[in-house]
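Right, one structure below, let's go through it.
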Amino acid sequence: VQVSIEDIGWIVTIGDKGSSPVNLTVDQTGYIYVSYLNGNAIRKFDTSGNSVEIGKGVLSNTVWIYGNSFSGGANVLYVSDNGGERIVKMDPAGNVLGTINFKPYGKADTLFVDYYGQYIYASASKACVVNKIDQSGTRAGVFGNKQVLNNPRGITLDENLNLWVVNKGNNTLV
């Protein structure tokens, strides 16, 4: 795991306390949240490399955790859990605030949450789509199909609320 120190441009390597880190996100205060393949918790790092495990005992211990995203305005961490069949909402300390059933839409691989936490964008790589769901778990939109997306992974919104997707299978940015 590497952290870029803003304004200095240094890269600092902080301890990797697990195997196969697969995703990360950063909160407003600079804490870094890392999810691991075959993990059952999120590791929360400060910029000095100190870390704590959060979500252990709450997140699935049988299936890997892939996506996680932090909603800055709402101060909530969203984690794709149980092989992507549910999304767990946690506070920065790892306390569960609620869950969203994602099973009807496939498996949530990568997550992006808008700043206010109103909508969650979740890639379902096998279905070749990105789903937009609200806090109740209702699908508010869907982007893509097998002709447009092939294994969608990275997701973000730009300042104009345009959706950008890393299309891993086709080596493109859509």
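State all residues of the range 68-82 that are at pLDDT below 80 and either within 19 Å of Leu157 (Cβ to Cβ) or open to solvent by 10 Å² or more (accessible area, probe 1.4 Å) (or both); if no residue qualifies, say none.
Asn68, Ser69, Phe70, Ser71, Gly72, Gly73, Ala74, Asn82
Residue-by-condition table, conditions (1) at pLDDT 85 or above; (2) open to solvent by 70 Å² or more (accessible area, probe 1.4 Å); (3) among the β-branched types (Val, Ile, Thr); (4) under 17 Å from Thr25 (Cα atoms):
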{"residue": "Phe112", "(1), (2), (3), (4)": "yes, no, no, yes"}
{"residue": "Tyr116", "(1), (2), (3), (4)": "no, yes, no, yes"}
{"residue": "Ile133", "(1), (2), (3), (4)": "yes, no, yes, no"}
{"residue": "Arg139", "(1), (2), (3), (4)": "yes, yes, no, no"}
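Taking only the range 129-173 into account, find how many residues are part of a loop (DSSP other than H, G, I, E, B) and within 18 Å of Ser71 (Cα to Cα).
8
Check Gly55 against each of (1) in contact with a Lys or Arg (Cβ under 8 Å, 6 or more places away or on another chain); (2) modelled with pLDDT of 80 or more; (3) buried (at least 23 other Cβ atoms within 10 Å of the Cβ) and name the one condition it does not meet.
(1)
If we keep just the residues of the range 21-52 that are aliphatic (A, V, I, L, M) and not in a strand (DSSP E or B), which is surrounded by the fewest Cβ atoms within 10 Å (Cβ to Cβ)?
Of all residues in the range 21-52, those aliphatic (A, V, I, L, M) come to 22, 24, 26, 32, 34, 37, 41-42, 52.
Among the residues that remain, those that are also not in a strand (DSSP E or B) are: 37, 41.
Values: Leu37: 13, Ala41: 21.
Selected residue: Leu37.
The values are calculated or read from the model by the stated rules, or taken from the named source; none is laboratory data. If you're wondering where the values come from, they're calculated on a predicted model, not measured in any experiment. Please note: Cβ atoms are built from the backbone with ideal geometry, for glycine as well, and neighbour counts cover all protein chains shown. Side chains included, ligands, DNA and RNA excluded: accessible areas come from the protein's heavy atoms. Shrake-Rupley method; radii C 1.70, N 1.55, O 1.52, S 1.80 Å.
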